[in-house]
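The values are calculated or read from the model by the stated rules, or taken from the named source; none is laboratory data. Predicted model, so just to flag it, every value in this text is computed and none were measured. Please note: Cβ atoms are built from the backbone with ideal geometry, for glycine as well, and neighbour counts cover all protein chains shown.
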Amino acid sequence: MFRIRNALPYEVYSLSIEEETLEERKAKILIKLRGYKLLKSEKIKDTTNYVVEIPKEKQKALIWCVPEETVGILTINRMAKAMKEAEIDRGILVASGRYTNAAKQTAKKKRIELLPKTFPVFDIFEHKLVPKHEILTPEERETVLAQYRVKPYQLPQIKASDPAVKAIGAKPGDILRIIRKSPTAGEHIAYRYVVE
């Protein structure tokens, strides 16, 4: 039998640190991976909101973390209303459940990105087997296409649902630069065209 020294059997230990939800951890990883700048964070009832600045696009986005199992149109409309009140054009919804088809269609119309429940809770690029992924700027894109004399669709493809693509926020039509460490070449660069 094991016994903890100096501990009475009826003592209750409490944690003073408030535990963070799975959705909040996903939102923090998303902010880190995409290079967003956190402006404000607040918790209202069971929803956590983050207002971030997207440096590349010079605009703000609202990230909503909701604990719902199934996200429907009602949640999308509530988020759209919150975005309108805060005068923010883009939104990202983080939920651990599934999204209804109607919610997916409404979210597209209202410029709300739905983060899949499979989005990682950790930085996937810290793993040694996951290479660095970058979205090419329009200038880099033109340079690469001219250098290889190809159209974007002629490049090898990568799905928009790929975890690394979701993590960096690439959309169909983007071209990615993937940088792998190589024991012989030192560094190997590959380009991929993002498809639906």
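When Ala164, Ala146 are checked against the criterion of being in contact with a Leu (Cβ under 9 Å, 6 or more places away or on another chain) and under 30 Å from Ser182 (Cβ atoms), a single residue qualifies: Ala164.
For the stretch 122-143, give me the residue count where each residue is outside any helix (DSSP H, G or I) and in contact (Cβ under 8 Å) with a residue 60 or more places away in the chain.
2
Would you confirm, using the coordinates I've provided, whether His133 is in contact with a helix residue (DSSP H, G or I) (Cβ under 7 Å, 6 or more places away or on another chain) and closer than 22 Å to Tyr36 by Cα? Yes: the conditions hold for His133.
Free of Cβ contacts under 8 Å to residues at least 12 places away in the same chain and of a type in the set (A, V, I, L, M, F, W, C): is that true of Ala164 in this structure? In short, no.
If the condition is being surrounded by fewer than 16 Cβ atoms within 10 Å (Cβ to Cβ) and within 16 Å of Ile44 (Cβ to Cβ), then the stretch 75-85 contributes Arg78, Lys81, Glu85.
Consider the stretch 156-171 and keep the residues that are out of contact with any helix residue (DSSP H, G or I) (no Cβ under 8 Å at 6 or more places or on another chain) and modelled with pLDDT under 95. The one that is farthest from Ile124 (Cα to Cα) is Lys171. Among the residues of the stretch 52-67, those identified as part of a loop (DSSP other than H, G, I, E, B) and free of Cβ contacts under 8 Å to residues at least 40 places away in the same chain are Pro55, Lys56, Glu57, Lys58. For the stretch 176-184, the criterion of being out of contact with any strand residue (DSSP E or B) (no Cβ under 6 Å at 6 or more places or on another chain) and closer than 24 Å to Leu115 by Cβ is met by no residue. If you scan the stretch 68-121, which residues turn out to be touching a residue at least 40 places away in the same chain (Cβ under 8 Å), in contact with a Leu (Cβ under 6 Å, 6 or more places away or on another chain) and assigned to a loop (DSSP other than H, G, I, E, B)? Once the filter is applied, which keeps residues that are touching a residue at least 40 places away in the same chain (Cβ under 8 Å), in contact with a Leu (Cβ under 6 Å, 6 or more places away or on another chain) and assigned to a loop (DSSP other than H, G, I, E, B), the stretch 68-121 yields only Ser96. Whether a residue is in the same structural domain as Tyr191 (by TED's automatic domain parsing) and small (Gly, Ala, Ser) was assessed, and Ala103 does not pass this test.
Residues of the stretch 181-196 being assigned to a strand (DSSP E or B) and farther than 14 Å from Ile158 by Cβ, which ones? Walk me through it before giving the result.
We begin by selecting, within the stretch 181-196, every residue assigned to a strand (DSSP E or B); these are 181-182, 186-195.
Of everything in the stretch 181-196, those that are assigned to a strand (DSSP E or B) and farther than 14 Å from Ile158 by Cβ turn out to be Lys181, Ser182, Gly186, Glu187, His188, Ile189.
Return a yes/no flag: does the stretch 146-157 have any residue that is within 20 Å of Leu30 (Cα to Cα) and in a loop (DSSP other than H, G, I, E, B). No, the stretch 146-157 contains no residue that is within 20 Å of Leu30 (Cα to Cα) and in a loop (DSSP other than H, G, I, E, B). Tell me, which residue of the stretch 56-71 that is surrounded by 14 or more Cβ atoms within 10 Å (Cβ to Cβ) and of a type outside the set (A, V, I, L, M) is farthest from Glu23 (Cα to Cα)? The extreme case among them is Lys60.
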